[in-house]
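The values are calculated or read from the model by the stated rules, or taken from the named source; none is laboratory data. As the structure is a computational prediction, the values presented were derived from the model and not from experiment. Methodologically, a virtual Cβ is constructed for each residue, glycine included, from the backbone with ideal geometry; neighbour enumeration extends over all protein chains shown.
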Amino acid sequence: MQTTPAILIVDDNAANRRLYQASLNDMGAEIYSAASGEEALARCGERHYAMILLDVHLSGMSGFDVAQTIRDKHVGMDAPIVFVSAMYVHESDTYRGYRLGAVDYILSPVVPEILRAKAAVFIRLHRMRMEAQQQAQVVEKAYRELRTVHSEMEGFSYSVSHDLRTPLGQVAGFADLLQLGHAGELSTKAREYVGHIQTAAQRMNSLIEDMLLLANMTRAEMQVQPVDLSHMANVLLEELAAAKPLAHAESHVQAGLHAQGDARLLRVALSNLLSNAWKYSAGVPRPQVEFGQVERPEGAVFYVRDNGAGFDARAAGERLFRPFQRFHPDSAFKGNGVGLAIVERVLEKHGGRIWVESAPGQGACFFFTLGQVSSLATAIV
Ligand SMILES: Nc1ncnc2c1ncn2[C@@H]1O[C@H](COP(=O)(O)OP(=O)(O)O)[C@@H](O)[C@H]1O
Ligand SMILES: [Mg+2]
């Protein structure tokens with residue numbers, strides 16, 4: 001669409017054309033005119049118009065036929081047509097005109113002030129459309145740039161994480177060699193230092209693994225299938241109990257929870273939520289971890305609840321799901337702060353969302369939906 005609005009005047013009477021042209025001259029629009037229907041059609045192929053002023057009673061092709069052909073031939077040409085009629089137009093013709101996209105009728109002899117008032121409206125409309133289109137283009141361009149930057153960043157963090165693995169593996173490997181093969185030659189202090197190197201290397205390794213997982217999350221192809229979430233949660237909790245036994249811990253999984261989704265990704269998400277629940281309830285006398293589902297007006301909502309340390313969810317706000325954000329000191333609970341960012345990506349990919357209710361010392365309850373795909377859960381249960 002051109003920047004300057006244009007008006008097309010179609011009339012076989014030269015004096016009329018001159019009159020309309022003179023009336024509309026100083027309105028900031030370019031004025032084009034055509035003396036016949038054929039010429040009008042040719043002009044319509046050249047550009048878009050903010051308004052077409054069309055004489056109904058053209059000799060040769062009638063105004064209605066011209067309007068019909070404009071709409072048929074120039075798909076997308078939705079310029080408002082204002083018919084000019086020297087006499088009373090029969091009612092059925094009026095409807096015909098409106099069906100052809102006529103916006104208005106003006107009786108001739110045309111009163112210049114009325115013509116100008118109508119033209120002003122269409123010129124303003126045209127400008128507004130132009131602005132809206134330009135804004136849409138700006139937004140689209142920004143979106144494209146953002147996507148490029150985003151995928152570059154993903155590629156960057158992927159390759160960095162990947163490349164860090166090799167030297168890190170060497171650090172850990174040599175520390176192990178020192179510890180295993182040369183322990184006798186080392187002082188107690190030196191052995192302790194080697195132990196610190198090994199622990200730090202392990203932590204860095206798990207951080208790299210999580211960063212790779214996060215970077216891979218967005219590009220991962222989804223393989224949607226029915227997933228038995230209850231079974232998945234039970235297996236994960238058994239693994240947690242075996243790996244990090246908690247005295248007097250109780251876990252409860254609601255039976256029969258299913259969903260449509262990518263099993264591998266959902267396992268990653270559920271594993272992060274359950275291991276958080278497990279980890280952050282380690283300090284209470286009777287840790288309780290629960291996975292279940294509640295019905296809400298918007299559909300099935302899953303939850304992972306614990307009665308552990310909790311945190312100030314209100315203060316954490318949006319930051320909770322950003323990478324590397326932690327709300328407990330490392331001295332109290334170890335972690336790298338990437339888990340919930342991964343969980344959010346997984347749920348986002350499923351068209352779902354996640355939110356939390358928690359307060360310090362009150363445990364935490366993470367709620368999540370799986371978008372459209374979760375509706376199947378209730379169907380199967
Ligand atoms: N169940 C929970 N109870 C208490 N705090 C939690 C819980 N889950 C997450 N958090 C808080 O959110 C932060 C981010 O979680 P996460 O991304 O999994 O990182 P990490 O567990 O490695 O610290 C945690 O550091 C913790 O402060
Ligand atoms: Mg975690």
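Figures for the structure shown
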| quantity | calculated |
| --- | --- |
| Subset of the stretch 310-353 [closer than 20 Å to G292 by Cα, in contact (Cβ under 8 Å) with a residue 24 or more places away in the chain and not in a helix (DSSP H, G or I)] | G310, H350 |
| Verdict on I106 being without any contact (Cβ under 8 Å) to a residue 60 or more places away in the chain, β-branched (V, I, T), touching a strand residue (DSSP E or B) at 6+ places or on another chain (Cβ under 8 Å) and closer than 20 Å to A50 by Cα | yes |
| Flag for R286 being within 16 Å of ligand 2 (Cβ to nearest atom), basic (K, R) and more than 32 Å from the chain's Cα centre (by Cα) | no |
| Matching residues in the stretch 241-259 - criterion: being in a loop (DSSP other than H, G, I, E, B) and small (G, A, S) | A247, A249, A255, G256 |
| Single residue of A241, A247, A269 found to be crowded, with 18+ Cβ neighbours inside 10 Å, assigned by TED's automatic domain parsing to the domain that holds L320 and among the small types (G, A, S) | A269 |
| Test: R319 is basic (K, R), closer than 25 Å to V253 by Cβ and away from ligand 2 (no atom under 13 Å from the Cβ) | no |
| Among the residues listed as E298, E250, E290, the single one being among the charged types (D, E, K, R) and closer than 22 Å to I342 by Cα | E290 |
| Residues of the stretch 102-120 that turn out to be of a type in the set (A, V, I, L, M, F, W, C) and assigned to a strand (DSSP E or B), as a count | 4 |
| Where a residue in the stretch 217-244 is closer than 14 Å to V268 by Cβ and its partner, wherever it lies, is hydroxyl-bearing (S, T, Y), with Cβ under 7 Å and at least six apart | L236/S271 |
| Scope the stretch 280-292; condition crowded, with 21+ Cβ neighbours inside 10 Å and out of contact with any His (no Cβ under 8 Å at 6 or more places or on another chain); matching residues | S281 |
| Criterion: over 33 Å from the mean Cα position of the chain (by Cα) and modelled with pLDDT under 95 - qualifying residue of P245, P297, P323 | P245 |
| Members of the stretch 296-309 that are more than 16 Å from H258 (Cβ to Cβ), touching a residue at least 12 places away in the same chain (Cβ under 8 Å) and either within 16 Å of ligand 2 (Cβ to nearest atom) or in a strand (DSSP E or B) (or both) | V304, R305, D306, G308, A309 |
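Yes/no per residue for (1) of a type outside the set (S, T, Y); (2) farther than 21 Å from S151 by Cα; (3) in the same structural domain as E290 (by TED's automatic domain parsing):
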{"site": "Q170", "(1), (2), (3)": "yes, yes, no"}
{"site": "G184", "(1), (2), (3)": "yes, yes, no"}
{"site": "S187", "(1), (2), (3)": "no, yes, no"}
{"site": "A190", "(1), (2), (3)": "yes, yes, no"}
{"site": "Y193", "(1), (2), (3)": "no, yes, no"}
{"site": "T199", "(1), (2), (3)": "no, yes, no"}
{"site": "M204", "(1), (2), (3)": "yes, yes, no"}
{"site": "M211", "(1), (2), (3)": "yes, no, no"}
